[in-house]
Amino acid sequence: MIMRGLLDQIKSFVVYDADREFYAKIFPDSVERKDLIRLRKMTVSDLPHVLEIERKNYQFPWEEDIFIDCFKAGYSCWVCEDLNKILGYSLLSMAVGEAHILNISVDPDEQNQGIGRRMLKNLINVATGKAETIFLEVRPSNSIALALYENVGFNQIGIRKAYYPAENGREDAIMLAMQLF
């Protein structure tokens with residue numbers, strides 16, 4: 001985990017991104033924001049920002065130890081950033097020909113700009129060729145996320161009763177899947 005963070009830091013010094021490092025600084029009006037948004041592997045140093053987004057979005061947020069466990073398990077953990085500001089994050093587990101999207105979350109101030117779709121497509125790309133099917137669960141009350149998943153090609157395969165904690169008890173989860181070819 002420490003080594004991965006060190007490698008990511010070294011890579012950030014070696015890789016030159018002209019949009020971000022030159023045009024955005026010298027000619028800021030020449031680059032659109034969407035051209036500055038990047039996906040990269042999540043590091044432990046990202047966790048304070050990730051946890052802030054988690055707490056903004058969820059009434060029952062994950063705690064830091066869950067994210068640490070995801071790192072330890074070798075899950076595919078990503079952040080989406082714009083000029084070093086984390087806009088969202090996503091996590092994927094893979095085993096035995098199956099991939100499972102554990103979480104996709106976008107800062108509420110940054111939603112409705114295609115960031116969630118971009119992170120979802122990244123996770124699908126990561127899983128393609130390594131898994132036959134990709135799964136996820138979503139709250140029925142999260143109609144925006146549900147519409148995104150269905151638009152990208154996920155299909156409902158079932159319901160998990162009382163899966164999520166909710167203010168007044170528990171909420172079901174809609175189970176979705178997509179075949180990867």
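The values are calculated or read from the model by the stated rules, or taken from the named source; none is laboratory data. Given the structure is predicted, the values throughout are model-derived calculations rather than measurements. All Cβ positions, glycine included, derive from the backbone under ideal geometry; neighbour counts span all protein chains shown. Calculation scope for accessible area: heavy atoms of the full protein, side chains included, ligands and nucleic acids excluded. Shrake-Rupley method; radii C 1.70, N 1.55, O 1.52, S 1.80 Å.
Below are the figures for this structure:
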item: Reciprocal mean inverse distance between Cα atoms of the range 87-131 - Kirkwood radius, Å; result: 11.0 Å
item: Whole-Å semi-axes of the ellipsoid equivalent to the range 94-181 (Cα gyration tensor, √5λ, descending); result: 22, 18, 11
item: Dipole magnitude (debye, nearest 20) for the range 35-181, charges at Cβ of Lys, Arg, Asp, Glu; result: 360 debye
item: Spacing of the two label points (7 Å from each Cα toward its C-beta) at Lys41 and Arg55, in nm; result: 2.8 nm
item: Qualifying trypsin sites (Lys or Arg not before Pro) for the range 45-140 [loop in DSSP, other Cβ within 10 Å: at most 16]; result: Lys130
item: Lys130-Arg160 pseudo-label distance in nm [points 7 Å out on the Cα-to-Cβ vector]; result: 2.1 nm
item: Cα centroid separation - the range 115-181 against the range 41-72, whole Å; result: 19 Å
item: Highest to lowest packing among 167-174, 106-113, scored as the average C-beta count within 10 Å; result: 106-113, 167-174
item: Given charges at Cβ of Lys, Arg, Asp, Glu: the range 75-119 dipole, positive-most of Val96, Leu83, Met119; result: Val96
item: Average Cα contact separation per residue, the range 46-101, under 8 Å, 6 or more apart, as relative contact order %; result: 24 percent
item: Long pairs among Lys72/Lys130; Lys85/Lys121; Lys41/Lys72; Lys56/Lys130; Lys56/Lys161, criterion Cα-Cα beyond 23 Å; result: Lys56/Lys130; Lys56/Lys161
item: Percent RCO, i.e. relative contact order, over the range 63-148, from Cα pairs under 8 Å lying at least 6 residues apart; result: 23 percent
item: List Thr128, Thr43, ordered by accessible area with a 1.4 Å probe, largest first; result: Thr128, Thr43
item: Cα shape, the range 30-102, gyration tensor, a/c 1.5 rule; result: oblate
